[in-house]
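Notes to accompany the following structure.
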Amino acid sequence: MTDQANLNYRRRMNMRRVIAATGIIAVAMYSALLGVQALVLNPLAAVPGLSLDEIYADLRAAGANLTLDTVLVTIIAAIGPLLAIVAAVIGLGKRLPPLTMLALFLVILALGGVATFYSGFAVGMDVADTYMTTGGDHSGWDRVLYVTSLAALVALIPVLIIIRLHSRSARSVAAAGD
């Protein structure tokens, strides 16, 4: 391997590592906010003037299964980081192109919108039933998550176009060499 080829290889590997670390951190932060939004921020905003302990006590008294709700939100929130770790391991292990790795993390963040929607049902419906409020978001923090997912989806489009163009270019070069 020439010095230039070795340098290019190391740069791409470092770029992969940065993308993997950044992707895992971004997805973990998204998931943490998703969990806090569903279990803390939204209940507090839906029932202003009461503490979270008071809200949860009222929910238990009304028959809500908060253990199940918490487990459900935790599972939903954990899926993203697990997918991000798998994407990083596969991307680094198979030496995927950096843009392909970036696309994987953008897809995971984009799919976070679905997770945000479903995570809101667990405690949200119990709060709505107990306090006769709407089941929708009250805190506004879900919008941050939805906008982040939308931004990831929008960012994914040019990344996929560039990947496609690089793929075509590589095939053209290979065909010309035959």
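Each reported figure results from applying straightforward, stated rules to the coordinates on display, with no laboratory input. Computed from a predicted model, the values in this text were never measured in an experiment. Cβ placement follows ideal geometry from the backbone for every residue including glycine, while neighbour counts extend to all protein chains displayed.
Given R₀ = 22 Å, FRET efficiency for Arg17-Val144 by Cβ-Cβ distance, to 0.05? The partial results should precede the final answer.
Values: r = 28 Å, r/R0 = 1.26.
According to the calculation, E is roughly 0.20.
By the beta-carbon count within 10 Å of each Cβ, the least crowded to most crowded order of Asp129, Asp53, fewest first, is Asp53, Asp129.
For the chain, the longest principal axis of the Cα atoms and the long axis of helix 52-61 meet at an angle of about 70 degrees. For the chain, relative contact order (Cα pairs under 8 Å, six or more residues apart, normalised by length) works out to 31 percent. The label-point distance for Glu54 and Arg95, in a model that sets each label 7 Å from Cα toward Cβ, rounds to 6.2 nm. Reducing the stretch 26-86 and the stretch 98-166 to their Cα centroids gives an inter-centroid distance of 16 Å.
Taking the Cα centre of the stretch 1-121 as origin, sum charge times position over the Cβ atoms of Lys and Arg (+1) and Asp and Glu (-1), and report the length of that vector in debye to the nearest 20. Intermediate results must be reported in sequence, preceding the final value.
Numbers: 8 positive and 5 negative charges, 198 e Å.
With Lys and Arg at +1 and Asp and Glu at -1, about 940 debye.
Under the criterion of Cα pairs below 8 Å and six or more residues apart, the relative contact order for the stretch 81-156 equals 38 percent.
Using volume of the Cα convex hull per residue in Å³ as the read-out, say which of (i) 136; (ii) 167; (iii) 121 was calculated from these coordinates. Among (i) 136; (ii) 167; (iii) 121, the one calculated here is (iii).
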